[in-house]
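Chemist: Pasting a structure here, questions to come.
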Amino acid sequence: MVVFEKPHALADVPLHYCPGCTHGIVHRLVAEVIDELGIEGRTIGVAPVGCSVMAYNYFNCDMIEAAHGRAPAVATGVKRANPEEHIVFTYQGDGDLASIGMAETVHAAARNENITIIFINNAIYGMTGGQMAPTSLPGQVTQTSPYGRDVKACGYPIRVCEMLSELEGPEYLARVTVNNVKNVNNAKKAIKKAFQNQIEGKGFSLVEVLSTCPTNWGMTPQKALQWIDEKMIPYYPLGVYKDRSAKEESAQ
């Protein structure tokens, strides 16, 4: 008999996230993977600045707080300090990773650092009140683009997986979402592969998760889930953008 229980790697505390926010789903998936791989005692997470700034309260593994955008650099140092023992992951939002932390992200990927990055893309700055983010869609209304994102003035959104896939370094890049059961299951598979790659010493793995922000999008939780299907996925297609091991295996 299978009993549905809280993962041991997920702390038994209330989450601070807004109603309908899917951070909690992704937290659970990460914790389930840590449990299934038996790596809680070896795992060190790096929390960012953003809505998940207090991620250190939610995971039972060791956690470190990084300055805004610097989580990949911190993770690199932790991993290199004890590469055989530590399993290191960062958990970052789009403002943290794709804006102030873009340089750290790109160069960690270019070096193929053996770390795992969980990248939450909700197309907006959540913690600071809903400003336009590097990932905000063309025409998207935010606090700093009240008439919609004007690409002539603000440029186009950054597709992180597509951009990083042009680098030689990364091992694995995938984009998933968690707006329905099927997509949640697929997201877990991608997250597990990203951690397994690190265990096997394969290198840099990033899983981008399209996530909701009902509060700053000005939507109900149900409508926010639909908005991912209707607006985000067409601009940010789901799928695997790079899997070097799979490519090498298919070539043999």
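Chemist: Can you give me the ranges of the strands (runs of 3 or more DSSP E) entirely in region 32-114 with at least 1 residues that are out of contact with any helix residue (DSSP H, G or I) (no Cβ under 6 Å at 6 or more places or on another chain) and either closer than 30 Å to residue 155 by Cβ or polar (S, T, N, Q) (or both)?
Modeler: Strands (runs of 3 or more DSSP E) meeting the threshold: 87-93.
Chemist: Can you say whether residue 168 is at pLDDT 95 or above, within 24 Å of residue 192 (Cβ to Cβ) and surrounded by fewer than 16 Cβ atoms within 10 Å (Cβ to Cβ), as far as the supplied structure shows?
Modeler: Values: at pLDDT 95 or above: yes; within 24 Å of residue 192 (Cβ to Cβ): no; surrounded by fewer than 16 Cβ atoms within 10 Å (Cβ to Cβ): yes.
No.
Chemist: Here's another thing I want to ask about it. So which residues in region 169-190 are assigned to a helix (DSSP H, G or I), within 13 Å of residue 30 (Cα to Cα) and in contact with a Ser or Thr (Cβ under 8 Å, 6 or more places away or on another chain), if there are any at all?
Modeler: If the condition is that a residue be assigned to a helix (DSSP H, G or I), within 13 Å of residue 30 (Cα to Cα) and in contact with a Ser or Thr (Cβ under 8 Å, 6 or more places away or on another chain), then 187 is the only one that fits.
Chemist: Residues of region 119-134 being closer than 20 Å to residue 26 by Cα and touching a Gly at 6+ places or on another chain (Cβ under 9 Å), which ones?
Modeler: If we filter region 119-134 for residues that are closer than 20 Å to residue 26 by Cα, which is where we start, we get 119-127.
119, 120, 121, 122, 124, 125, 126, 127 - these are the residues of region 119-134 that are closer than 20 Å to residue 26 by Cα and touching a Gly at 6+ places or on another chain (Cβ under 9 Å).
Chemist: Only one residue in 241, 147 is aromatic (Phe, Trp, Tyr), modelled with pLDDT of 95 or more and closer than 18 Å to residue 108 by Cβ. Which one? Give the steps one after another, and end with the answer.
Modeler: Values: 147 fails: closer than 18 Å to residue 108 by Cβ.
After ruling out the rest, the residue left standing is 241.
Chemist: Could you check how many residues of region 7-31 are within 22 Å of residue 197 (Cβ to Cβ), touching a strand residue (DSSP E or B) at 6+ places or on another chain (Cβ under 8 Å) and in a loop (DSSP other than H, G, I, E, B)?
Modeler: 1
Chemist: Could you grab me the full set of residues in region 55-98 that are out of contact with any strand residue (DSSP E or B) (no Cβ under 7 Å at 6 or more places or on another chain) and surrounded by fewer than 17 Cβ atoms within 10 Å (Cβ to Cβ)?
Modeler: Answer for region 55-98, where residues must be out of contact with any strand residue (DSSP E or B) (no Cβ under 7 Å at 6 or more places or on another chain) and surrounded by fewer than 17 Cβ atoms within 10 Å (Cβ to Cβ): 57, 67, 68, 77, 80, 81, 82, 83, 84, 85.
Chemist: Among the residues in region 112-126, are any modelled with pLDDT of 95 or more and surrounded by fewer than 19 Cβ atoms within 10 Å (Cβ to Cβ)?
Modeler: Yes: region 112-126 contains one or more residues that are modelled with pLDDT of 95 or more and surrounded by fewer than 19 Cβ atoms within 10 Å (Cβ to Cβ).
Chemist: Which of (1) crowded, with 17+ Cβ neighbours inside 10 Å; (2) touching a residue at least 60 places away in the same chain (Cβ under 8 Å); (3) closer than 27 Å to residue 137 by Cβ; (4) not aromatic (Phe, Trp, Tyr) is the odd one out, the single condition residue 19 does not satisfy?
Modeler: With respect to (1) crowded, with 17+ Cβ neighbours inside 10 Å; (2) touching a residue at least 60 places away in the same chain (Cβ under 8 Å); (3) closer than 27 Å to residue 137 by Cβ; (4) not aromatic (Phe, Trp, Tyr), residue 19 is out only on (1).
Chemist: Further question on the same structure: Answer yes or no: is there a residue in region 200-217 that is part of a helix (DSSP H, G or I) and in contact with a Leu (Cβ under 7 Å, 6 or more places away or on another chain). First the steps, then the outcome.
Modeler: Quick first cut of region 200-217, residues part of a helix (DSSP H, G or I) only: 214-217.
Cutting the leftovers down to in contact with a Leu (Cβ under 7 Å, 6 or more places away or on another chain) gives us none.
No, every residue in region 200-217 fails to be part of a helix (DSSP H, G or I) and in contact with a Leu (Cβ under 7 Å, 6 or more places away or on another chain).
The values are calculated or read from the model by the stated rules, or taken from the named source; none is laboratory data. Quick caveat: nothing in here was measured; it's all calculated off a predicted structure. Don't worry about glycine lacking a Cβ; one is built from the backbone with ideal geometry, like all the others, and counts go over all protein chains shown.
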